[in-house]
Amino acid sequence: MKPNNKIFVFLFAAFLIITLSSCSDSLVGTKVGNMPPVTHLFLYPDSTVSQQPSKLRMNWWGDDPDGLVIGYYFTWDGTHWTFTTKNDSSFALQIGAADTLYRFQVSAADDGGDGVYNTRVFQNGIDFGPESFIDANGNGVWDQGEFFYDIGLIDPNPASLKLPIKNTPPVIEWDTLTVVPASSFPIMTFRWKASDLDGDESIQKINIVLNDTTNEANFVALRGSTRLVTLRVRDFTSPQPETEILIDGNEQTIYPEKLKGMLLNGYNKVYVQAVDISGAKTPFIEMPGTNKTWFVRKPVGKILLIDDYAVADDATQFYNNQLSNIGGGALAGKFDSLNISGNKTPFFSYNFFLTLKLFDCIIWYADNNPSVQAAQNVVDKYLSAGGKIFMSMQFPRNPPPDILALSEFLPVDSISNLIPVIGSGVEFTTETGFSSYPTLKTSATILGNFGLYPNPSVAHAIYKSAGNQIPGYTGFINGNKNLFFIALPLNKLNGNNNVNELFEKVLFGEFGISR
């Protein structure tokens, strides 16, 4: 054999020996078992952990040295674990005390399961519950053939992150529209603004109290989302009446608890305070504020005289004298007055109708600039609630009244053209069948007049001008006999000194008011 061939044979033999020796070592070594995965956790930069509710966006992932990660278990309390196949999620954390420390943990699980659905996964001293599965038939339990996540090993050292959440107290202030007049009936609406940097939903309750903030027994705790209430007293027989709280001014949402401490025919204050979920409280705010007063009047009877007269003249004195003297003074000291002319107070629409409902009968008088919108809002509702209304009013000359607007509170079909002037001494007679009503006569010149044409199916025409100086009719009563209307100012229609007879006929006769 040639020398080169001998060298080749030698090297080849050596290679075989080394290779066989290596194979022999691998066959006799110890097999390495399944290794648990390792979990990593990351808090996204856009998360906020200084305000409540903290909005957190978490990301996690796992490395498995000898297999695949099929899912993750996470927990906020260290006891209850949730399985997910996702690598991230967003959370909103609520605080339960002034400052709260949260701890988030997550552990990766690998795919080295046993091929059998397990109703309990217990590893590392933790009960993770049953293996998660896809509930194909929706019966809430795993059935044979349904896919499940066959859990292998779970990272015994969960990735963990501590999150300190700091509470900020709420703030509260009165809405700029919340003002109270110097005097009112026991109906008033209040609105406030309340907020919290930790989220307005963290405001747990609004404390409201009348007059005395030192006695917590009189506090009423409203829902934290409450921002507007109307307070109402209806029982005027009790020496210590309770006050209803109408949430959002709505009679359908009266709060179960009532306020104590309202002083009728006395001065009152309303206090509110916000309290958040941690128990942090705002100082009480009061209405009315310092150096201001709110006198709450107790109604003296069941009749309300509404003064809607914009021009100062003898109207107020005239109507007060008439009501005080009719029926031999039967109503003297038994009716209340309310002036609504001019600028309306904020939340007038809430307070006005509820105020009317304190009374059984309304006498509403106005010149040629009446509160038409207010009448549109309340007349039908008040009549439907059992009330009765006597109205004396003219309407604007320019622009003329809109018949559609009038028909929202009066049973009228149309209106006549403007009659600029009606002089003194003009009589207004009654239609057939209404002779028990007195003939009326102007006692002064009346500017700007319209006649009305009531709907004959729901109203009865009563008064018309002599000689048809005002086309149509100037007075009528509806079929239910709970609304009387005259389109002239009665303080200028007493030429025969018998307006008192008209009041007696309508109030005592048609309306059935007790003398």
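Return the residue satisfying two criteria in turn: it lies in the stretch 347-378 and is of a type in the set (F, W, Y) and modelled with pLDDT under 95, and of such residues it is nearest to W174 (Cα to Cα).
Here is the first cut: in the stretch 347-378, the residues of a type in the set (F, W, Y) are 347-348, 350, 352-353, 359, 364-365.
Filter once more, keeping what is modelled with pLDDT under 95: 347-348, 350.
Values: F347: 14, F348: 17, Y350: 17 Å.
Ranking the qualifying residues of the stretch 347-378, first place goes to F347.
In this structure, does I245 turn out to be at pLDDT 95 or above, more than 30 Å from N167 (Cα to Cα) and surrounded by 18 or more Cβ atoms within 10 Å (Cβ to Cβ)?
On the way: at pLDDT 95 or above: yes; more than 30 Å from N167 (Cα to Cα): yes; surrounded by 18 or more Cβ atoms within 10 Å (Cβ to Cβ): yes.
Against the criterion (at pLDDT 95 or above, more than 30 Å from N167 (Cα to Cα) and surrounded by 18 or more Cβ atoms within 10 Å (Cβ to Cβ)), I245 qualifies.
Would you mind finding the one in V121, V116 that is among the hydrophobic types (A, V, I, L, M, F, W, C) and exposed (fewer than 11 other Cβ atoms within 10 Å of the Cβ)?
Details: V121 fails: exposed (fewer than 11 other Cβ atoms within 10 Å of the Cβ).
Every option except V116 fails the conditions.
How many residues does the stretch 267-300 hold that are without any contact (Cβ under 8 Å) to a residue 40 or more places away in the chain and either in contact with a Phe, Trp or Tyr (Cβ under 7 Å, 6 or more places away or on another chain) or β-branched (V, I, T) (or both)?
4
State which residue pairs qualify: first residue within 13 Å of Q469 (Cα to Cα) and inside the stretch 433-459, second residue hydroxyl-bearing (S, T, Y) and part of a loop (DSSP other than H, G, I, E, B) in any location, beta carbons under 7 Å apart, and separation of 6 or more residues or different chains.
T442/S424; F450/S416; G451/S416; G451/T474
Could you grab the pairs with beta carbons closer than 6 Å, sequence gap of 6+ or different chains, first residue in the stretch 179-201 and assigned by TED's automatic domain parsing to the domain that holds P241 and more than 14 Å from K269 (Cβ to Cβ), second one at pLDDT below 95 and assigned to a strand (DSSP E or B)?
From the stretch 179-201, the pairs are A194/I203; D196/I203; D196/D276.
Under 8 Å between Cβ atoms, at least 6 apart or on separate chains: pull out the pairs that start in the stretch 248-261 with a residue that is farther than 16 Å from D235 by Cβ and end on any residue that is in a loop (DSSP other than H, G, I, E, B).
As it stands, the answer is G249/F347, since those pairs meet every condition given.
If Y255 satisfies all but one of (1) more than 17 Å from the chain's Cα centre (by Cα); (2) of a type in the set (F, W, Y); (3) farther than 30 Å from I165 by Cα; (4) assigned by TED's automatic domain parsing to the domain that holds F185, what's the number of the condition it fails?
All conditions are met except number (1).
Say whether the condition of being basic (K, R), modelled with pLDDT of 95 or more and either within 34 Å of the chain's Cα centre (by Cα) or on the phi < 0 side of the Ramachandran plot (or both) is met by at least one residue in the stretch 272-293. So that I can check it myself, show each step before the final result.
Applying the first criterion (basic (K, R)) to the stretch 272-293 yields 281, 292.
Subsequent filtering for residues that are modelled with pLDDT of 95 or more retains none.
No, the conditions are met nowhere in the stretch 272-293.
Looking only at the stretch 235-251, which residues are part of a loop (DSSP other than H, G, I, E, B), closer than 21 Å to W192 by Cα and out of contact with any Ser or Thr (no Cβ under 7 Å at 6 or more places or on another chain)?
Passing the criteria: D248, N250, E251.
Hey, could you check the stretch 342-364 for residues that are surrounded by 15 or more Cβ atoms within 10 Å (Cβ to Cβ) and more than 17 Å from V379 (Cα to Cα) and say which is farthest from the chain's Cα centre (by Cα)?
T345
The values are calculated or read from the model by the stated rules, or taken from the named source; none is laboratory data. Here the structure is a predicted model, which is why all the values come from computation and not from measurement. All Cβ positions, glycine included, derive from the backbone under ideal geometry; neighbour counts span all protein chains shown.
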